[in-house]
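Single-structure report; data block below.
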Amino acid sequence: MAQRRNPGSTHVALGFAARAPYFPPAMSTEAHTSVRPWRAIDRRKSRKIRVGKVEVGGDAPITVQSMTNTLTADAAATIEQVRQLEEAGCDIVRVSCPDEDSTAAFRQIARAAKVPLVADIHFHYRRGIEAAQAGAACLRINPGNIGNAARVKEVVQAARDHGCSMRIGVNAGSLERDLLEQYGEPCPAAMVDSALRHARILQDHDFHEFKISVKASDPFMTVAAYQQLAEAIDCPLHLGVTEAGATRTGTVKSAIGIGSLLWAGIGDTIRVSLAADPVEEVKVGFDILKSLGLRHRGVNIIACPSCARQGFNVIQTVETLEQRLAHISTPLSLSIIGCVVNGPGEALMTDVGFTGGGKGAGMVYVAGRPDHKQDNEGMVDHIVALVEAKAAEIEAANAPAEAAE
Ligand code: SF4
């Protein structure tokens, strides 16, 4: 039996059931993985918390986060960047609050945002209280770093009063001095000790709405730290490889670090850290989740690398299609393959496919079956129209179910 490219996507099953006999339409994610055990990911059972309206942990979908890099005090610029991130599908956005001007602007930004915002706080407990009052859904704060017990109590009370959760964020580059002395250098065990220390402070205040991250720029250290932490505590885990680098290297490191943890069932929310436009972080985040079949958004394009056999310019076509189909958020798959060597096989597993042939034309596949011929000329417009129509069909088929939720 062939495997579809959108495993577990009921959208696809509903939209193309009549023409996809190789993929039973009512097949659930569980059933799907039970017949393909090599696809199953046994997710760690964490407790569920809320970041505003978004659930994190438990059986909630794994969320994608990013962070603004505008000056927070410049509310207009930050609101615009939050909007761009929302458009890219970002579930939760983090905003730095280094000073009072930032927390003052935070209120306006939070009012304009559709997604929940996390206020990033370092050391200044007052900023934490101000951000909670200004509409933060979550505070990224390490309670052990904000001073005496009275301050911690005030921040926890502000979080409780305003329905904020918290994220403890341990970073290998900024571990406490005594832990560095004890362990000799940053290492997974020191990071976990640090995280549990901060967690105990919150637990002592009977505050349990928190998640934890233990990030390092080295994927080995990151993965080992999360593995150890996952054994030690049941709170949701926010995954990330910190300071991963520019787009290409950062994507590779994140895919290895975040990807291997998710594959092992660890992780409830992710942030890909790139020295790039934050929108790229969201795209890469979704690509990691898509690759593991954990979440689907937008058009998943399967393309061959092309060679002398290609019946059309595969690389240029895929680049254009990626841009022209970027507005579609409905999960579906599209194969663009240069020739019949791999085209029919790949098309069998996708919702829409195009395989190059001879004489300036190729075959269009719908739901895995050859449907009609199409000249290479005008092929991009034709495929865009087909994919848009399929996305609309899938959305319409899912509308009653979504309305009932
Ligand atoms: S599918 Fe055809 S065109 Fe594409 S790389 Fe393979 S042989 Fe070459």
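At a glance:
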quantity: Principal axes of region 49-291: Cα extent on each, largest first, Å; calculated: 41, 40, 31
quantity: Out-of-range pairs (alpha-carbon distance over 29 Å; input 48/283; 153/290; 215/283); calculated: 153/290
quantity: Phi-based couplings in Hz for region 281-291 (Karplus 6.51, -1.76, 1.60; Gly and Pro marked x); calculated: 4, 5, 4, 5, x, 5, 5, 5, 5, 4, 4
quantity: Estimated vicinal HN-Hα couplings, Hz - region 375-388 in sequence order (Karplus 6.51, -1.76, 1.60; Gly, Pro = x); calculated: 5, 4, 5, x, 5, 5, 4, 5, 5, 4, 4, 4, 5, 4
quantity: Counting DSSP beta bridges with both ends in region 299-404, the antiparallel % (nearest 5); calculated: 55
quantity: Under-5 Å amide H pairs with residue 120, H placed in peptide plane, nonlocal only; calculated: 95, 96, 97, 140
quantity: Distant-in-sequence amide H partners of residue 51 (H built 1.01 Å from N, under 5 Å); calculated: 56
quantity: Overall Cα dimensions of region 299-404 - principal axes, largest extent first, Å; calculated: 51, 25, 21
quantity: Rule-of-thumb Rg ratio for the chain [Cα; 2.2 N^0.38 Å; N residues]; calculated: 1.08
quantity: Gaussian network model of the chain, Cα within-10 Å springs - most flexible of 50, 309, 167; calculated: 309
quantity: Integer Hz, Karplus 6.51/-1.76/1.60 couplings in order for region 112-121, x for Gly and Pro; calculated: 7, 6, 8, 9, x, 10, 9, 8, 8, 10
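Coordinate-derived values only; no laboratory data. Fair warning: this is a prediction, and the values are worked out from it, not measured in the lab.
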